[in-house]
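Heads up, the thing below is written out as C-alpha cells.
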C-alpha cells in the first residue's frame, strides 16, 4: 500500500518532517514544534494503516506498491530540501499528494469501514496543509 510506505506515504512524511526538524537551528522553535507534532500525527496514521493491513491479512512491511515498483522504503524517498522555505513547500506538496492518493483509494475501495478510516486521515492531512500554508506565509515572504 503506497499510503503506508510508498514514495509519498505516511512513512516518508514522518521521516521528511523529522529530518527538516533535525536540520533546523534553535531559533526556529515554532517550526520545530510544528514539524514534530505533524510527525507524531503521521506516526499515528502509520499505526492505523498497519493495523488495518494486518486485519486484512497483510504484512505491514516498509515498502510501497506502484510508486516504488514494490521496492522497500528508503531514504531516497525523502525530499530533504535546502532552505526553510523550500522544505515547507516540499512538505505542503507531500500533503497534497497524500490527500489525492487517499481520495483515489476511497474511490477504489468498497469497504465502508476502510473508507471511514481514510476519510478521517484526510481530515488530519488537510489540517497539515493549513499549518504548512501558514508557515509558508510567515517564513517565505
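The values are calculated or read from the model by the stated rules, or taken from the named source; none is laboratory data. Bear in mind that the values here come from a model prediction, so they are computed numbers and not experimental data. Virtual Cβ from ideal backbone geometry, glycine too; neighbours counted across all protein chains shown.
Determine which member of the set 6, 70, 58, 64 is loosely packed, with under 12 Cβ neighbours inside 10 Å and either in contact with a strand residue (DSSP E or B) (Cβ under 7 Å, 6 or more places away or on another chain) or more than 20 Å from residue 131 (Cα to Cα) (or both).
Values: 6 fails: loosely packed, with under 12 Cβ neighbours inside 10 Å; 58 fails: loosely packed, with under 12 Cβ neighbours inside 10 Å; 64 fails: loosely packed, with under 12 Cβ neighbours inside 10 Å.
One residue alone meets the criteria, 70.
If you check residue 75 against the conditions, is it touching a strand residue (DSSP E or B) at 6+ places or on another chain (Cβ under 7 Å) and over 22 Å from residue 117 (Cα atoms)?
no
Here is a yes/no grid of residues against (1) closer than 21 Å to residue 137 by Cβ; (2) at pLDDT below 95:
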site: 4; (1), (2): no, no
site: 9; (1), (2): no, no
site: 12; (1), (2): no, no
site: 16; (1), (2): yes, no
site: 21; (1), (2): yes, no
site: 26; (1), (2): no, yes
site: 30; (1), (2): yes, no
site: 33; (1), (2): yes, no
site: 38; (1), (2): yes, no
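Restricting to region 9-40, name every residue that is more than 17 Å from residue 133 (Cα to Cα) and surrounded by fewer than 14 Cβ atoms within 10 Å (Cβ to Cβ).
Scanning region 9-40 gives 22, 23, 25, 26, 27, 29, 40.
How many residues does region 73-95 hold that are within 25 Å of residue 127 (Cα to Cα) and either in a loop (DSSP other than H, G, I, E, B) or touching a helix residue (DSSP H, G or I) at 6+ places or on another chain (Cβ under 7 Å) (or both)?
Summing the residues that are within 25 Å of residue 127 (Cα to Cα) and either in a loop (DSSP other than H, G, I, E, B) or touching a helix residue (DSSP H, G or I) at 6+ places or on another chain (Cβ under 7 Å) (or both) in region 73-95 gives 16.
Name the residue that is surrounded by the most Cβ atoms within 10 Å (Cβ to Cβ), counting only residues in region 96-117 that are within 14 Å of the chain's Cα centre (by Cα) and in contact (Cβ under 8 Å) with a residue 60 or more places away in the chain. Reasoning before the result, please.
The initial filter retains those residues of region 96-117 that are within 14 Å of the chain's Cα centre (by Cα), namely 96-102.
With in contact (Cβ under 8 Å) with a residue 60 or more places away in the chain added as a condition, the list becomes 97-98, 101-102.
Working: 97: 18, 98: 25, 101: 20, 102: 20.
Here the answer is 98.
Return the only residue of 125, 137 being surrounded by 13 or more Cβ atoms within 10 Å (Cβ to Cβ), under 30 Å from residue 27 (Cα atoms) and at pLDDT 95 or above.
125
Please specify each residue of region 41-54 satisfying the condition of being surrounded by fewer than 13 Cβ atoms within 10 Å (Cβ to Cβ) and either in contact with a strand residue (DSSP E or B) (Cβ under 8 Å, 6 or more places away or on another chain) or farther than 16 Å from residue 120 by Cβ (or both).
54, the sole residue that qualifies.
If you take just the helices (runs of 4 or more DSSP H) that sit entirely in region 1-72, which of them hold at least 3 residues that are within 17 Å of the chain's Cα centre (by Cα) and without any contact (Cβ under 8 Å) to a residue 60 or more places away in the chain?
Working: elements: 2-5, 10-22, 29-55.
Counting at least 3 such residues, we get 10-22, 29-55.
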